[in-house]
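Notes to accompany the following structure.
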Amino acid sequence: MSEDSHYTLVSKLKPSRIIIPVVIGLAVVGWFIIKDINVDALRKLHFTGSTVFWIFVAWCCMLGRDLGYMIRIRILTEKDLTWLQAFRVIMLWEFTSAITPSTVGGTAVAVVFIHKEGISVGRSTSVVLATSFLDELYFVIMFPVILITVGGKILFTTSVESIGVTFLNNLVIVAIVGYTIILAWVIFVGYGLFVDPVKIKQTLIYVFRLPLIRRWRESAVKAGNDIVESSRELKRKPFSFWLKVFAATFLSWTSRYWVVNAILVAFFSVSDHFLIFARQLLTWIIMIILPTPGGSGFAEVILGRYITDAIPADPAYAGSIAFAIAIIWRLISYYPYLLVGALIIPGWIQKKFGRSISKKK
């Protein structure tokens, strides 16, 4: 990609785009406040010193998530990125993911973010493919683990009758679809990176000859070239290298999945922490195929309904309280990335693409 194409890609990330996910999120929250929220139920949430402490712990879990990402990207770039550069790349990457649907994500733009911090395009592509592979590998490994540990019956059912059989049945279907997509991606990219990248490239080119998707054939060829080039880069890495980057990945995602646990402990005693952890992981698998930016609107509803039976309160109040917990969860785990990214992106574009901007003018 040329400098101009890099600029064109990144320039679409305007801070104003945070309006879309915020409006969707607020609209859903407003609708549920009018329809379902019981004001008397919210009075059951008592804020004490212990509440402040555990909300702080929830924030620390998100910091652990970002720290894991920063450690990983420094390992993948062999520490050619400083801690500050790693922080900047992660925040920009998260901002991109937050303002685009989960199915789109920030992968394409992430290559530009890393490249403009001084890493070659080829190595940047390798880093992004490796991170994508490792993230999805975590889901592929952990989902069967939680199914065996928790049990499918408990994971996909709740003791609250108001949740509805239809919602839970749909949850199972969406989870299976989401996991199938993730598994297919891991097998496809893993085979391409570590076994036979040329065959994957040829398969992509062949598939994208089909009439309905022919328009994206050029992008498919580029993706195939990226996999071939990345394979050369990553095959040389020793086992200890992959052990370290997966440990960083494990730290990142596991930290994120303890956020709701910490929020719940801020208000109630929790009897089964691993079940809550498992339901958060399942929620994120479902979010993979959600159509809204960062899963706005859907994520709050899914998690709110899904953790209702974990609320030790009167069933008449539990749903409202669970939805309030889900909103706090999003305020900690999603909206900060919109704010930080919106603050960083204008100055970063000006600094990294100053000449391109002048040419455009």
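Only the coordinates and a few stated rules stand behind these numbers; no lab work does. In this text, all values refer to a predicted model and were calculated from it rather than measured experimentally. No Cβ is skipped: glycine too gets one built from the backbone with ideal geometry, and neighbour counts run over all protein chains shown.
A compact table of results
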| item | result |
| --- | --- |
| Estimated FRET transfer efficiency (residue 351, residue 60; beta-carbon r; R0 35 Å; 0.05) | 0.70 |
| Computed label-point distance, nm, for sites residue 343 and residue 250 using a 7 Å Cα→Cβ extension | 3.4 nm |
| Sparse-neighbour loop sites [trypsin sites (Lys or Arg not before Pro); the range 51-152; at most 11 other C-beta within 10 Å; DSSP] | 79 |
| Local net charge near residue 86, Cβ-Cβ under 13 Å (Lys/Arg +1, Asp/Glu -1) | -1 |
| Difference of contour (0.36 nm per residue) and Cα-Cα distance, residue 19 to residue 80 | 18.5 nm |
| Pairwise label distance in nanometres, residue 272 with residue 316, each label 7 Å out on the Cα-Cβ vector | 2.6 nm |
| Estimated distance in nm for a label pair at residue 203 and residue 215, the labels positioned 7 Å out from Cα along Cα-to-Cβ | 2.6 nm |
| Space enclosed by the convex hull of the alpha-carbon atoms of the range 195-327, per residue, Å³ | 151 Å³ |
| Extension gain, residue 147 back to residue 187 (0.36 nm per residue minus Cα-Cα distance, nm) | 12.3 nm |
| Using θ = phi - 60° and Karplus 6.51 cos²θ - 1.76 cosθ + 1.60, couplings along the range 342-350 (whole Hz; Gly, Pro as x) | 5, 6, 7, 4, x, x, 5, 4, 4 |
